[in-house]
Amino acid sequence: MAMQEPYPALTTLELWSDDEMTPVLPDTFLGGFAPCLQTISLEGIAFPALSKLLFSTVNLVSLLLDKIPPDTTRYMSPQVMATSLSRLTRLKFLRLDFLPPGLPPNIHQNPRQQTRVLLPSLTWLEFQGVNEYLEDLISRIEAPLLDSINVKFFDQIIFDVTHLLQFITHSEKLNSPNEAKMNFHYDFVQITLSPPKGTVGNIMLQVLCTVPLWQVLSLAQICNRATPLLSGVQGLEICGGEYEDSLREWQDNIEIAQWLEVFYPFVAVASLHVTENLGRFTASALAGRRAAGVLPALRDLWLEGA
């Protein structure tokens, strides 16, 4: 009962739960008024009235929402979230981490007709969830000082990263990556983009998937849609396939043309390093006729195990 009253001096709110039944905070929590809050961290907690509380927290610096129940998109849609963030001019850190399975949000408004929300202090963004939610959200916000973005997508068939690409290129510190690293793990595929040494600006995109073929197809789809961002990358490293059974699955299920699709956007890559066992797989791909025009700027090639 004491937590139903306003807390005008509260600066930090951290609540977590690992219960199977997600606890739900009442609409009257904190009386919907906590103007001095600087940090909100909720894990495994549903809070339908979060947007109301955020409107009172103009000093908020960090908003970390972990293990968000999938059905919260009913009250935490991309439009509601963007509107809730509109007054948080001091916000530096934002994390939205949804639990699977997630459903694509219902998009009722054309992004081109929206007023974009400016987050002038945001430097760090982390997201886990469905591609559609992120696309809708970032079509509504701008963060020109962002220097780190970490995105994890649930396994999907089609990835539209149009607004994500625009969002990244509008950031002063993220729009010119110089190095790229791909990591094919047993339960995810990931690409990390880094700026020239001595500067900041890191991008990590990950797809949670256990099937090597879908990993390759997902990454190829994302890379080709992000060609303008990747066209200046000069160094590329590919890791994965360290186990013999994994290599056999690659050889049996992935076609050379599908693997080469991953390389097409990297027109400026001068150095390529591929670890064992994918080095052998890549060597056979690059030696074929279909590889003509792939990696046109390549000078240094290191294929482990080839």
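The values are calculated or read from the model by the stated rules, or taken from the named source; none is laboratory data. In this text, all values refer to a predicted model and were calculated from it rather than measured experimentally. Please note: Cβ atoms are built from the backbone with ideal geometry, for glycine as well, and neighbour counts cover all protein chains shown.
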Legend entry - Residues that are touching a Ser or Thr at 6+ places or on another chain (Cβ under 6 Å) and at pLDDT below 90, drawn from the range 53-112: PRO69, PRO105, PRO111
Inset, instruction - Would you mind telling me which numbered condition in (1) touching a residue at least 40 places away in the same chain (Cβ under 8 Å); (2) more than 26 Å from MET1 (Cα to Cα); (3) of a type outside the set (Asp, Glu) SER86 fails? - result: (1)
Inset, instruction - Please state which of the following conditions SER271 fails to meet, knowing it meets all the rest: (1) modelled with pLDDT under 95; (2) of a type in the set (Ser, Thr, Tyr); (3) surrounded by 15 or more Cβ atoms within 10 Å (Cβ to Cβ). - result: (1)
Legend entry - Cβ-Cβ under 6 Å pairs, at least 6 apart or on other chains, the range 208-228 side under 22 Å from HIS170 (Cβ atoms) and without any contact (Cβ under 8 Å) to a residue 40 or more places away in the chain, far side surrounded by 15 or more Cβ atoms within 10 Å (Cβ to Cβ) and among the hydroxyl-bearing types (Ser, Thr, Tyr): none
Inset, instruction - May I ask you to verify whether GLN258 is at pLDDT 90 or above, out of contact with any strand residue (DSSP E or B) (no Cβ under 6 Å at 6 or more places or on another chain) and under 30 Å from VAL130 (Cβ atoms)? - result: yes
Inset, instruction - Only residues in the range 117-128 that are more than 14 Å from VAL58 (Cβ to Cβ) count as the first member; pair them with residues that are acidic (Asp, Glu) and part of a loop (DSSP other than H, G, I, E, B), Cβ under 8 angstrom, at least 6 apart or cross-chain, and list the lot. - result: THR123/ASP147; TRP124/ASP147
Inset, instruction - Considering only residues that are surrounded by 17 or more Cβ atoms within 10 Å (Cβ to Cβ) and under 22 Å from ASN150 (Cβ atoms), look in the range 78-91 and name the one that is nearest to the chain's Cα centre (by Cα). - result: PRO78
Inset, instruction - Kindly establish whether LYS152 is basic (Lys, Arg), modelled with pLDDT of 95 or more and farther than 22 Å from THR39 by Cβ. - result: yes
Inset, instruction - Could you please let me know if GLU237 is under 23 Å from THR210 (Cβ atoms) and at pLDDT 95 or above? - result: yes
Inset, instruction - Could you tell me whether the range 173-193 includes any residue that is modelled with pLDDT under 95, over 26 Å from VAL274 (Cβ atoms) and not basic (Lys, Arg)? - result: yes
Inset, instruction - Within the range 121-168, track down each residue that is hydrophobic (A, V, I, L, M, F, W, C) and in a loop (DSSP other than H, G, I, E, B). - result: LEU122, VAL130, ALA143, LEU145, LEU146, ILE157, ILE158, PHE159, VAL161
Legend entry - Residue, farthest from ALA257 (Cα to Cα), within the range 288-306, restricted to residues that are of a type outside the set (Phe, Trp, Tyr), at pLDDT 90 or above and not in a loop (DSSP other than H, G, I, E, B): ASP300
